[in-house]
Structure formats: structure tokens, C-alpha cells
Amino acid sequence: MASTANRSSAHVVVYAALAGNLAIAATKFIAFALTGSSAMLTEAIHSSVDTGNQGLLLLGLARARKKPSASHPFGYGMEVYFWSFVVALMIFALGGAFSIYEGIIKIRSPEAIDRPWINFVVLGLAAVFEGGSFLVALREFKTLRGDAPFFAAIRRSKDPSIFAVLLEDGAALAGLAIAALGVAGAVLGLPWADGAASVAIGVLLVVVAVFLANETRSLLTGEAASPRIVAQVRQVLEADPRIDSVAEVLSMHLGPQEILLGVTLDFQDHLTAADIEAASDHFADLIQGVDRRITRVFVRSGRAREAYARRLARQ
């Protein structure tokens with residue numbers, strides 16, 4: 001059964017980021033129109049892309065809640081992974097690549113920044129809004145992280161709707177600092193600094209996009225449940241006297257809160273067909289009790305696995 005609490009947490013994180021980025025993007029575009037700062041235009045586009053990304057994540061979360069159908073018997077949980085991958089592509093193409101392109105143009109043909117104090121005011125306000133969104137995402141992430149190191153926890157996380165926002169907001173805060181340095185450099189007589197800041201922001205976004213794309217790619221291609229869950233399932237099954245040995249425990253995430261799990265068991269030889277059928281039903285309940293995200297359980301005998309292997313060998 002899916003965790004309603006975790007789904008609500010994901011929505012809170014995304015809505016907070018959406019509201020913050022929408023307000024920040026509008027403010028930055030106004031500042032760019034008044035000052036002509038390349039770094040400010042880059043930041044405005046960055047916030048606009050982030051706003052669109054939150055909309056895509058919300059779309060993924062909404063579609064993931066659709067009930068299973070004949071065409072998708074295991075449900076639509078992987079929609080979250082797909083739209084998170086699209087978000088990574090958006091950050092790369094519309095955020096990173098465009099920022100680098102805009103920055104190179106400004107380095108080659110630098111322009112004076114008009115009324116730079118406006119940029120600093122806007123960057124300060126953006127840092128406040130972005131920081132608030134980042135703290136919301138960080139708080140929710142900490143509840144899932146446990147004692148694991150930061151990047152290890154991201155790699156272990158199966159919910160990109162939370163860590164995508166966390167990475168976006170973190171990159172946004174770093175980008176604001178870089179933009180402020182670029183504007184300050186231009187004011188101090190280094191006209192190329194504004195364009196250089198834009199290039200640096202673009203490189204930062206490309207790095208974040210590649211990291212996020214790699215994490216969601218792993219989830220899209222059938223990432224297993226955590227080793228802890230697999231080990232607990234194996235431990236529960238091996239403790240049952242009706243099982244001679246646990247041949248294999250296979251798992252795959254169908255979504256952030258849905259795990260498909262299949263086990264191959266060598267039953268005791270004295271068990272009848274009725275005994276094995278009753279045991280299989282009992283084992284399914286035991287396995288789902290290990291973690292409430294386990295929504296589908298398939299049990300087969302070791303002999304069935306051997307027969308399947310023989311059929312494959314004959315093909």
C-alpha cells in the first residue's frame with residue numbers, strides 16, 4: 001500500500017518550490033528589463049525553467065495516482081520517474097545550455113549594467129524566497145535520509161520529486177551568489193564578469209542536470225528496492241520452517257511508494273500442494289509487512305525456477 005504521508009510531503013515540497021520560483025522569475029525579468037544584466041537574464045530564465053519543472057513534477061505526481069488498468073496492470077507510478085527525467089533535460093537545455101550561450105555572447109560584447117543596485121535588491125529577495133523553498137525540501141529530505149551521507153541518500157532515494165527540487169533549489173542559491181559576484185565585478189570595472197557569471201551558472205545547471213538525469217535513468221530502467229528491504233524479506237522467509245532455502249529475492253520500484261517483489265523458494269519436500277498454496281499466501285502477507293511500499297508479491301517454487309531455466313537452455 002502506498003504511503004499517503006510521503007505523497008503529501010512530495011506535494012508540499014513541489015508546491016513550495018512552484019510558488020517561490022514563479023514570484024522570483026517575475027521579479028528577475030523586471031530587474032533585467034531595468035538594468036540589462038546578462039546574469040540577471042540568465043537567472044530569470046533559470047527561475048522560469050524551474051517553475052515549469054515544478055509543473056511537470058506535479059503532472060507526474062498526478063498521473064502516478066491513476067489506478068491500474070488493462071494496459072498498465074501495475075499502475076502508473078513510473079510516471080514520476082519519466083517526468084523527472086524530462087525535468088533534467090529541461091534544466092540541461094533551457095537552463096544550462098542557454099545560460100552558457102548567453103554568457104559567451106556577453107563576454108564577447110560586454111554591456112554596461114544600468115542601475116546595478118536593482119540587481120542586488122532582486123538577488124537578495126530571490127535568496128530569501130529560494131532559501132525558504134530549499135528549507136522545505138531539505139526538511140522533507142531529512143526525514144527520508146536518516147543517517148546516510150547527503151549524496152548517498154540522494155542515490156538511495158526513490159522519490160525524485162523531492163530530491164529534484166532539493167537539487168534545483170540548491171543550484172539556484174549557488175547561482176544567485178554567482179550572479180551577485182558577476183554584477184559586482186561589472187560594477188568594479190570588469191565588464192566581462194557579468195557574462196562570465198552567466199557561463200558559470202550554466203555550467204552549474206548542466207552538472208545538476210546530468211546528475212539528476214542519471215539518477216532518474218536508473219529508476220526508469222527498473223531499480224531494485226534498497227538492500228535493507230531485500231535482506232529483511234530474506235530473513236523473514238528463512239525463519240519459516242516450511243522453507244528449505246530462499247533461492248532468490250527480486251525487486252523493482254514501480255514508483256516512489258510502490259515495490260514489486262518476487263521470491264523463489266525451495267519448500268520442504270513433505271509439503272503437499274495445498275500446504276504450499278497456503279504457505280505462499282502467508283508469505284505474501286509477511287513480505288508486505290516488511291515495508292508498506294511492497295504492493296505486489298509473487299511467489300514461485302525452486303522447482304519452477306529450474307524448469308524455467310531448462311526451457312531457456314533448450315531455446
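In the set 126, 179, 174, which member is open to solvent by 30 Å² or more (accessible area, probe 1.4 Å) and either free of Cβ contacts under 8 Å to residues at least 24 places away in the same chain or closer than 26 Å to residue 27 by Cα (or both)? Working first, answer last.
Working: 126 fails: open to solvent by 30 Å² or more (accessible area, probe 1.4 Å); 179 fails: open to solvent by 30 Å² or more (accessible area, probe 1.4 Å).
Only one candidate passes the filter, namely 174.
Would you mention how many residues in region 197-241 are assigned to a loop (DSSP other than H, G, I, E, B), of a type in the set (D, E, K, R) and in contact with a strand residue (DSSP E or B) (Cβ under 6 Å, 6 or more places away or on another chain)?
Of the residues in region 197-241, the ones assigned to a loop (DSSP other than H, G, I, E, B) are 221-226, 239-241.
Checking which are of a type in the set (D, E, K, R) leaves us with 223, 240.
Checking which are in contact with a strand residue (DSSP E or B) (Cβ under 6 Å, 6 or more places away or on another chain) leaves us with 223.
Matching residues across region 197-241 total 1.
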Report task. For residue 155, indicate whether it is in a helix (DSSP H, G or I), at pLDDT below 80 and in the same structural domain as residue 200 (by the TED database). Result -> yes
Query raised in the report: Out of 64, 10, 44, 31, which single residue is open to solvent by less than 50 Å² (accessible area, probe 1.4 Å), closer than 26 Å to residue 121 by Cβ, touching a residue at least 40 places away in the same chain (Cβ under 8 Å) and not assigned by the TED database to the domain that holds residue 254?
Result: 31
Report summary line: Taking region 182-192 and keeping residues of a type outside the set (Val, Ile, Thr) and surrounded by 22 or more Cβ atoms within 10 Å (Cβ to Cβ) leaves 182, 186
Query raised in the report: Can you find a residue in region 224-239 that is of a type in the set (Asp, Glu), more than 27 Å from residue 68 (Cα to Cα) and modelled with pLDDT of 85 or more?
Result: yes
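Which residues, taken from region 70-118, are in a loop (DSSP other than H, G, I, E, B) and under 21 Å from the mean Cα position of the chain (by Cα)?
Going through region 70-118, the residues in a loop (DSSP other than H, G, I, E, B) turn out to be 70-78, 109-115.
Scanning region 70-118 gives 74, 75, 76, 77, 78.
Quick one: which residue in 199, 210 is buried (at least 19 other Cβ atoms within 10 Å of the Cβ) and at negative phi? Walk me through it before giving the result.
On the way: 210 fails: buried (at least 19 other Cβ atoms within 10 Å of the Cβ).
Being buried (at least 19 other Cβ atoms within 10 Å of the Cβ) and at negative phi holds for just one of 199, 210, which is 199.
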Report summary line: Counted residues in region 129-156 being open to solvent by less than 20 Å² (accessible area, probe 1.4 Å) and of a type in the set (S, T, N, Q) come to 1
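Suppose we filter 256, 227 for residues that are under 30 Å from residue 144 (Cβ atoms) and either exposed (fewer than 14 other Cβ atoms within 10 Å of the Cβ) or in contact with a Cys (Cβ under 7 Å, 6 or more places away or on another chain) (or both); which single one remains?
Values: 256 fails: either exposed (fewer than 14 other Cβ atoms within 10 Å of the Cβ) or in contact with a Cys (Cβ under 7 Å, 6 or more places away or on another chain) (or both).
Residue meeting the stated conditions: 227.
Report whether or not residue 197 is closer than 30 Å to residue 46 by Cβ, in contact (Cβ under 8 Å) with a residue 12 or more places away in the chain and small (Gly, Ala, Ser).
Working: closer than 30 Å to residue 46 by Cβ: yes; in contact (Cβ under 8 Å) with a residue 12 or more places away in the chain: yes; small (Gly, Ala, Ser): yes.
Yes; evaluated as a whole, the condition is true for this residue.
The values are calculated or read from the model by the stated rules, or taken from the named source; none is laboratory data. On a predicted model such as this, the values are computed, not experimentally measured, just so you know. Glycine also receives a Cβ, built like all others from the backbone with ideal geometry; neighbour counts cover every protein chain displayed. We work out accessible area using only protein heavy atoms, side chains counted, and drop any ligands, DNA or RNA first. Shrake-Rupley method; radii C 1.70, N 1.55, O 1.52, S 1.80 Å.
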